[in-house]
1. Kindly write out, for the stretch 155-162 in residue order, the coupling ³J(HN,Hα) from the Karplus curve 6.51 cos²θ - 1.76 cosθ + 1.60 (θ = phi - 60°), rounded to whole Hz, with x marking Gly and Pro.
2. If I model a spin label as a point 7 Å beyond the Cα along the Cα-Cβ vector, how far apart are those points for Glu367 and Gln277 in nm?
3. If a/c stays under 1.5 just call it rounded; otherwise compare a/b with b/c (prolate if a/b is bigger, oblate if not). Do that for the stretch 2-219, with a ≥ b ≥ c from the square roots of the Cα gyration tensor eigenvalues.
4. Each residue of the stretch 94-99 in order: what ³J(HN,Hα) in whole Hz does its phi give by Karplus 6.51 cos²θ - 1.76 cosθ + 1.60, θ = phi - 60°, with x for Gly and Pro?
5. So, R0 is 22 Å and r is the distance between the beta-carbons of Glu305 and Lys327; what FRET efficiency does that work out to, to 0.05?
6. By how many degrees, between 0 and 90 and to the nearest 10, does the Cα long axis of helix 32-42 differ from the longest principal axis of the chain?
7. For the stretch 187-295, run through the trypsin sites (Lys or Arg not before Pro) and keep only the ones in DSSP coil with at most 14 other Cβ atoms within 10 Å of their Cβ.
8. Between the alpha-carbon centers of the stretch 270-338 and the stretch 203-255, tell me the distance in whole angstrom.
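What follows draws every value from the coordinates through simple rules; no lab data is involved. Note that the structure is predicted; figures quoted are calculated from it, not measured. So basically every Cβ, Gly included, is an ideal-geometry build from the backbone, and we count neighbours across all protein chains shown.
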Amino acid sequence: MTTAALIVAAGRGTRAGGGLPKQWRPLKGKRVIDWTLKAFERAGIEKILLVLSPDDQEAWQRYENDPRVALAKGGAERAASVLNGLRALEGQNIEKVLIHDAARPCTATALIKRICEALDEHPAAAPAQEVTDALWTGRDSIVTGTQDRTGLFAAQTPQGFHFDAILASHLAHPGGAADDVEVARAAGLPVAIVAGDPDNIKITRPEDFARAERILGTQEKMDIRLGNGYDVHRFGPGDSVILCGVEIPHERGLQGHSDADVGMHAVTDAIYGALAQGDIGRHFPPSDPQWKGAASEIFLKHAAELAAEMGYQISNIDCTLVCEYPKVGPHAEKMRQTMAAIVGIDAERVSIKATTSERLGFTGRSEGIASLATAALIKP
C-alpha cells in the first residue's frame, strides 16, 4: 500500500500580488511550487499528484512528462479540486493520502512524518498550532470585543487521511468546505490533532514571500566536507626548501617532480579529498614533463578553483609540517599569508604549525619532511 501526496495548485492567489498565481511566483531561486514538491520528495512520499487549473497551460506542459508527478484538473473551488485529485488516484493501491496547499513551501520532513505516523492510529490527522495570542473582534480597524481562545487551533496542511475514507467523505459532501478536515468531520471521521510547525506558513500576502525565504534559508542543510592530505619529500642536494610557498635557506633541498613543497602538496590533496576528486597526481600526472619543477602554487590554485566551480567555499585549512630542521616558526606567518592569498580566504583561517618526531623515523633522522593537512569546505 502506498502513501500519496495530493497538492492543490489550482488557485489564483490574487492577494499575494505579483501578477501570477502565488504557486508559480519565484522564491529563493526557484518557484514556490518547486519548494513544495521538494518537501514531499525529501520526505520519501512515493506518489505525488498535482491538481492544476485548466488555465495554467504552461504548467501542464511543464509537468505532463515529469516522471515525479501525476496531474489532475482543478475545479471551481478547492473542494472540487481535491475531489478531482482523489478520483485520479483511485485504483492505485493508495492507503494514505496527504492533502496539501501548494502555497505552503516550508513544510518540514518531520511534520510530514508525524502526520503519516498518526494515520497508523487514526483515520484522519492534521497539523495545527494552539492559539496562544489574545483574540479580538474588530470593525473598521477598531477593536469591538475579545474572543475566548480556549480550545482554538490554527489549522495547517498537509492534512492526512485514509484514502478510502476521505474519498467517500468528499463524494458525500455538498461542497463549500474550508478544508478537508471539515469534509472529514461532516462524514463523522474523527480527526487527530498533530503538533504543527510555526515555520509551516501559507503564502497569502506579498510580505509572506520574504518570510518564506528566510525560513527556507535556515531549513536548507549546509553541506560541510572535510578532506585530509599527507605528503613526504626526501632531502637531497640544494641550499633551500620551499614550504607552504615560502623559500627557506637550508643546507639541503627537497626532492620531487615539482618544487617539492610538501606542505602545499598536503593542503592541495586535502582540498581534492574533500571534493572526492582524487589527488595531485590525478590532475597533474608526474609522468607529464610539463610539470617538472612546477611551482606548487599551480596545484593549490587549481584545487581552490575546482572547489569554487563545485559550489564550495574553503572555510579553513590546517597544515602540520613534521621535521627536525629547518625551523618553521619564524616563517609561519608568511606561510599563512601566502597560502591564504592563493586559495582566496583570510589568513586567520589558515593554520601552519610544525612539530618534530622526537628524532624517530625518517623525519627524526632528518632524511626528509612530512606534512599532514586538513581542509574544511562548505556549500551554503
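1. 6, 10, 10, x, 9, x, 8, 5
2. Going from the Glu367 label point to the Gln277 one covers 3.4 nm.
3. Rounded shape, in that the Cα axes give a/c under 1.5.
4. So the J values, rounded to whole Hz, are 8, 9, 10, 9, 10, 9.
5. Working from the Cβ atoms, E equals 0.10.
6. 80 degrees
7. Sites meeting the loop and neighbour criteria: Lys221, Lys292.
8. Rounded to whole Å, the Cα centres lie 9 Å apart.
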